[in-house]
Amino acid sequence: MNESSLLKLPGELQNNIFFQHCDGLDRLILRNTCHRLRGIIPRPDVHELIEAEASNPMAVKEDLYTCYMCVRLRHRSRFAYNMVEKWKERGGEDASMRFCVDCGLMVQSLRDEKTGRTKIVHKYRVGRYIAIGGRYHVVCIKCKTLGLAGCDPSRPTCWRCWHAFEKRVTGESEREWELRELHRAERRSWPEPCRSLGQPSG
């Protein structure tokens, strides 16, 4: 059935198709096909998308998860590790509290109804470490952006800011720093007894 014949059906039949035979993901796809369907089909809510992510084969195959803040289905790589595991995994009890990295970095203003004051809320504050795709990222205390974490756990800075700080402290040139990092990586691959000697065994 093509789009034109679907739109020519009586409203009762359209509602039956959209709300009895389509889940949240199906309705979301239909809404994106044309302006008329966008006006007919309401946007799925969070609970409908959470149900669809667990039952719809396409959502499972494409590894899609629901963000309750932006109310979208997004790829697993857009979420921190703790947002798609344990209680917040697909079909988990706390799946309705899952949010993506982009929404976690967004600054929100919430108004307290009792006091009338507005407070700023961050899900991921500056200095917070986040595991994404098997690698640690950090909201850098220097540049205030999300990036790969540097090598010093005591300084929650991104790799770029940590690199710049270390070069400034040691006074090394770019080439010297690259050679030292290369040597450090080589030493990590040597057998344990050889690391203290500074050279691999012959």
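A few notes on this one:
- Output for the range 10-60, where each listed residue is in a loop (DSSP other than H, G, I, E, B), polar (S, T, N, Q) and closer than 20 Å to E89 by Cβ: N56
- Here C143 fulfils each of the conditions (1) at pLDDT 90 or above; (2) among the hydrophobic types (A, V, I, L, M, F, W, C); (3) touching a strand residue (DSSP E or B) at 6+ places or on another chain (Cβ under 8 Å) apart from (1).
- For L148, the conditions (1) modelled with pLDDT of 75 or more; (2) of a type outside the set (V, I, T); (3) farther than 29 Å from I50 by Cα; (4) not in a strand (DSSP E or B) are fulfilled apart from (4).
- Selection from the range 24-63 of residues that are in contact (Cβ under 8 Å) with a residue 24 or more places away in the chain, small (G, A, S) and out of contact with any strand residue (DSSP E or B) (no Cβ under 7 Å at 6 or more places or on another chain): G24, A52, A54, S55
- Members of the range 64-86 found to be farther than 23 Å from R135 by Cβ and either without any contact (Cβ under 8 Å) to a residue 12 or more places away in the chain or of a type outside the set (A, V, I, L, M, F, W, C) (or both), listed by number: T66, Y68, R72
- Of the criteria (1) surrounded by fewer than 12 Cβ atoms within 10 Å (Cβ to Cβ); (2) outside the structural domain of E85 (by TED's automatic domain parsing); (3) modelled with pLDDT under 65, which one C194 fails: (1)
- Looking across the range 64-85, just one residue is in a loop (DSSP other than H, G, I, E, B) and touching a Ser or Thr at 6+ places or on another chain (Cβ under 8 Å), and that is Y68.
- Selection of first residues in the range 107-126 that are under 21 Å from V138 (Cβ atoms) and surrounded by 10 or more Cβ atoms within 10 Å (Cβ to Cβ) and of second residues that are at pLDDT 70 or above and among the polar types (S, T, N, Q), restricted to Cβ pairs under 8 Å at least 6 apart or on distinct chains, gives the following pairs, ordered by first then second residue: V121/Q108; H122/Q108.
- Hey, D63 over 17 Å from R27 (Cβ atoms), loosely packed, with under 13 Cβ neighbours inside 10 Å and touching a Lys or Arg at 6+ places or on another chain (Cβ under 6 Å) or not: no
- Failed condition for L25, given (1) assigned by TED's automatic domain parsing to the domain that holds R98; (2) surrounded by 18 or more Cβ atoms within 10 Å (Cβ to Cβ); (3) hydrophobic (A, V, I, L, M, F, W, C): (1)
The values are calculated or read from the model by the stated rules, or taken from the named source; none is laboratory data. Bear in mind the structure is a predicted one, so any value in this text is a computation, not a measurement. Here Cβ is always computed from backbone atoms with ideal geometry, including for glycine, and neighbour counts include all displayed protein chains.
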